[in-house]
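First up is the structure itself, then whatever we jot down about it.
The values are calculated or read from the model by the stated rules, or taken from the named source; none is laboratory data. Computed from a predicted structure; not experimentally measured. Because the Cβ atoms are built from the backbone with ideal geometry, glycine has one as well, and the counts that use them run over all protein chains shown.
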Amino acid sequence: MITERVLPLEGVHNFRDSGGYPVSGGGRLRRGVLWRSGQHHGATDSDLETIAGLGLASVFDLRTTKERQSHPCRRPQGFAATVFFGEDPVRTHAPHLAAAQATRQRTPESTREGLLRNYDAICFRPELQAMVGSYLARLAQGAGPCLVNCMAGKDRTGIAVAMLHLAVGVHRDDVMEDYLLTNSAGDPEARIASGAETIRAITGQLDEAVLRVLMGVEPEYLQAALASIEERHGSVDAYIEEALGLDGTTREKLRAALVEE
């Protein structure tokens, strides 16, 4: 299943298909339509050829202006997809970078605590809510294959894909499975090394064990985000409607556009 989902690229990490999961009421999410990845700054020419073959209609880049300027994405020649960017937040770094900067005495344990704190609040960042809402609304239009990405393709992207999955009725066990694939998709060591270069450039030298925590995901992170949603909104369904702007009609359109028998 992992090899079927993962697009084997050289310079773009965590690029995979988040479709194919069964949904409540019958059917499965379409394959080849719902892509997710890290940033494309290091894309090779061969990677660009592969990406061009996906026929992407939309890209939702969840990074900030600062991130995009420091690591601009390479695009295939003649790239025709509409690229959407969010408004800049007060915080200008990715969640894992924020966790890296949280304390001077960084240990694997304190780093996990920092990531948990970030996940406790990540779903309430206005700029991310706006982008995820737009992402889901765009998919409901049936506009074609779509990619959502951030820096590492694991935190902000992980939340966006989890909300998509929950909005159409993917079981929580499968939502978690897709989220955790970050740890094993593609070449994990190359992904960690690429992330380490960015992290160290911003935060300075970090212990190898700390870097591995920063570049990984754990069930407790997503669980913390969902628990915060339920505490503030009562349910994930209420959050999807109230915070992301998807009413029942739009959710039905989303399901119709993405679910096949």
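Among the residues making up region 16-52, those that are of a type in the set (A, V, I, L, M, F, W, C) and surrounded by fewer than 21 Cβ atoms within 10 Å (Cβ to Cβ) are Val23, Leu48, Ala52.
From the list Glu197, Glu220, Glu252, the one residue that fits, being more than 25 Å from Asp17 (Cα to Cα) and either part of a helix (DSSP H, G or I) or at pLDDT below 95 (or both), is Glu197.
For region 172-187, which residues satisfy the criterion of being more than 16 Å from the chain's Cα centre (by Cα) and assigned to a helix (DSSP H, G or I)? Within region 172-187, Arg172, Asp173 qualify. Do we find a residue being touching a Leu at 6+ places or on another chain (Cβ under 7 Å), under 24 Å from Phe15 (Cα atoms) and assigned to a loop (DSSP other than H, G, I, E, B) anywhere in region 135-152? Yes, that holds for at least one residue. Residues of region 66-87 that are under 16 Å from Ala130 (Cα atoms) and surrounded by 13 or more Cβ atoms within 10 Å (Cβ to Cβ): Val83, Phe84, Phe85, Gly86.
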